[in-house]
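In what follows, a single structure is set out as C-alpha cells and then discussed.
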Amino acid sequence: MTRYLFHLIGLFIWLGLAGCQTVVSDPIPTVNPAQHIIFHNGIVLTMDVALPQAQAVAITGEKIAAVGSNDDILAQQRADSVVVDLNGRTLMPGFVDPHTHLFNDAEQYFDMSLPEVQQIALENGITTLGNMYVTEDFLEEMQQFEADGQLRIRTSLYLVATDNCGKPFDDWWQQYPPSRNPGEMLRIGGVKLFTDGGTCGAPALSYELVPGEGLGDLFFTQEELNELVTTIHNSGHQAAIHAIGDRAIEQAQNAIATALDGEPNSLRHRIEHNSVIRPDLMPRYGEIGIIPVLFGPYPLCEPFGPPPPPEYQSWEWPYRALFDANPGLPIAWHGDDPFFGRIRPLDDLYSLITRNEIGKDGQLCEGQAWQDQHTLTATEALKMMTINAAYALARDEEVGMLTPGKYADLLILSDNPLEVDLEAIPQIEVWLTMVGGRVEFCHDSQQALCP
C-alpha cells in the first residue's frame with residue numbers, strides 16, 4: 001500500500017460523477033453587492049466552535065452577513081430579500097481541497113477542458129482548491145482562464161520547484177511572488193517540491209515493504225533539502241513538500257525547522273501526503289508548527305502494493321494517532337484527484353470516518369480490521385475538509401467557515417453527514433453550490449433551493 005501511486009498508470013480515466021448541468025462558457029456575471037439572500041429552517045453546520053450549528057444564514061452581496069436562529073435571521077428580511085426555506089436540509093461551507101491536480105491534469109487524465117472539469121468539481125461541492133503542479137506554461141494558461149472570466153472556483157496555484165523525480169527546475173518560480181488578496185479567484189499560493197518516490201521511484205521507508213526491494217528513494221540529502229526549503233521560505237512562498245515515507249517526512253520536518261530557525265511557521269509550510277509516519281515523528285508537526293495535509297481515501301479497491309508488515313501497521317495512514325499527538329493543529333485533508341476514486345469529497349469524508357473506500361465505479365471496498373485504529377470522527381473529518389483545509393491554503397480568513405464577514409462559499413446537501421448512518425454518507429447529494437454569493441451549481445431536481 002505504501003508504494004503510493006507506484007502503479008497509477010491504469011487510473012487515467014475520468015472518475016467524476018455525471019453532471020446535472022450544462023458547462024458554463026460565458027464570463028461569470030458580477031454579484032450585485034446589494035443582493036440579500038436568507039436561507040432558513042435548516043441545519044447549518046458552521047465549523048465555528050463558538051456556534052457549531054445554526055438554523056439560518058443571511059448573505060449580502062458576496063459575503064455572509066449573519067448566522068443564527070430562524071427568528072433572528074428572518075427579522076433581517078428586507079423588501080428585496082430572496083428567502084429560501086431549506087425544509088430541514090443541511091447547509092455547510094463548501095469543500096476546500098488544498099491539494100489536487102484537477103486543472104493541470106484536466107486534458108491528460110480526464111480528457112476534459114478546464115471548464116468541464118471545473119463543472120464536475122462544482123457539482124460535487126468543491127468551492128476552493130490548491131492546484132499542486134504548476135509549470136510556467138500552465139501558470140499562463142490559468143491566468144488567461146481567469147482573465148476570460150471562466151474561473152469559478154477559488155484557486156491557489158503551487159509552482160513546481162522540482163519534477164516528480166526530485167530533479168530541480170531552474171528558479172523560474174521566484175519571478176512570481178505569492179498573492180494574498182482577500183476574495184481573489186486566482187492566486188499564487190506557494191511552491192511544490194518532491195522529496196521521495198511515488199509516481200517516480202518508491203516512497204522512502206525505514207523498512208522493506210517487499211524483502212529485497214530496498215528502502216525506497218530519497219531525492220535529496222538533508223543539506224540539499226534544507227537549502228531549497230530555506231530559499232523558498234526566504235522568498236516569502238509557502239513550501240508544500242511531497243513526503244510519503246517516514247524517512248522523507250523526517251527530512252521535510254528537519255528542513256522546515258531549519259528554515260524557520262525557531263520562528264513561528266507564519267508562511268504555513270506544509271507536508272503533503274504523510275502516508276507512513278514513524279511514532280517519534282508524530283508530535284514534531286505541532287512542535288514545529290507544520291501543517292500536515294493527508295489523503296482522504298485509503299486505496300483498497302485497487303491497492304498500489306502489499307499491505308505493511310504487521311509490526312508497521314500503526315505507522316500507515318495513522319490519522320487517529322496524529323490527531324491525538326497534535327491537539328489544536330489544523331490537520332487538513334486532500335483529494336489528490338485524479339489519482340484516487342471519484343471527484344467526490346463526500347466519498348473521501350466516508351473513507352476518513354470508516355477507512356472503507358468508494359472506488360472509481362462506486363463500489364464499496366472494506367478496510368481491514370487493523371485500519372480501525374486510524375478512523376476519525378465525522379466532525380474531525382468535516383473540519384479537515386473545510387476550515388483546516390482553508391488554513392492550509394492561507395484562506396481561513398475568507399472561507400471554510402460560515403461566520404459573518406467570510407465569503408458565501410457554501411453547499412446545500414440532501415442530508416446531514418453528522419447525523420446519518422455512516423453507510424449512508426456516500427449517498428448524500430450536493431443540491432446547491434454557491435461561491436461568493438453566486439449559485440454555481442443547482443441540482444435539476446432542487447430548483448426551489450437555488451436563489
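Some notes on this structure:
- Residue check for Leu215: in a loop (DSSP other than H, G, I, E, B), at negative phi and aliphatic (A, V, I, L, M): yes
- Residue within the stretch 378-395 that is in contact with a Lys or Arg (Cβ under 6 Å, 6 or more places away or on another chain) and either surrounded by fewer than 24 Cβ atoms within 10 Å (Cβ to Cβ) or at pLDDT below 95 (or both) present: yes
- Looking across the stretch 106-131 at every residue that is acidic (Asp, Glu) and at pLDDT below 95, the one that is nearest to Ala240 (Cα to Cα) is identified as Glu107.
- For Tyr319, the conditions (1) within 28 Å of Val117 (Cα to Cα); (2) touching a Ser or Thr at 6+ places or on another chain (Cβ under 8 Å); (3) aromatic (Phe, Trp, Tyr); (4) at pLDDT 90 or above all hold with the exception of (1).
- Checked against the criterion of being of a type in the set (Val, Ile, Thr), out of contact with any Asp or Glu (no Cβ under 9 Å at 6 or more places or on another chain) and either modelled with pLDDT of 95 or more or crowded, with 22+ Cβ neighbours inside 10 Å (or both), the candidates Val430, Val435, Val439 yield just one match: Val439.
- Every residue from the stretch 43-61 that is part of a loop (DSSP other than H, G, I, E, B) and within 16 Å of Ser81 (Cβ to Cβ): Gly61
- Failed criterion for Gly405 (all others in (1) assigned to a loop (DSSP other than H, G, I, E, B); (2) crowded, with 24+ Cβ neighbours inside 10 Å hold): (2)
For every residue, the table says whether it meets (1) within 30 Å of Asp48 (Cα to Cα); (2) in a loop (DSSP other than H, G, I, E, B); (3) at pLDDT 95 or above; (4) in the same structural domain as Leu294 (by TED's automatic domain parsing).
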{"residue": "Val83", "(1), (2), (3), (4)": "yes, no, yes, no"}
{"residue": "His99", "(1), (2), (3), (4)": "yes, no, yes, yes"}
{"residue": "Asn104", "(1), (2), (3), (4)": "no, yes, yes, yes"}
{"residue": "Tyr133", "(1), (2), (3), (4)": "no, no, yes, yes"}
{"residue": "Leu139", "(1), (2), (3), (4)": "no, no, yes, yes"}
{"residue": "Leu157", "(1), (2), (3), (4)": "yes, no, yes, yes"}
{"residue": "Asn164", "(1), (2), (3), (4)": "no, yes, yes, yes"}
{"residue": "Arg180", "(1), (2), (3), (4)": "yes, yes, no, yes"}
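- Single match in Gly262, Gly328, Gly286 (criterion: assigned to a loop (DSSP other than H, G, I, E, B) and touching a residue at least 40 places away in the same chain (Cβ under 8 Å)): Gly328
- Selection status of Leu364, in contact with a strand residue (DSSP E or B) (Cβ under 7 Å, 6 or more places away or on another chain) and either surrounded by fewer than 18 Cβ atoms within 10 Å (Cβ to Cβ) or under 12 Å from Glu423 (Cα atoms) (or both): yes
The values are calculated or read from the model by the stated rules, or taken from the named source; none is laboratory data. For clarity, every value in this text was computed on a predicted model and none was experimentally measured. Don't worry about glycine lacking a Cβ; one is built from the backbone with ideal geometry, like all the others, and counts go over all protein chains shown.
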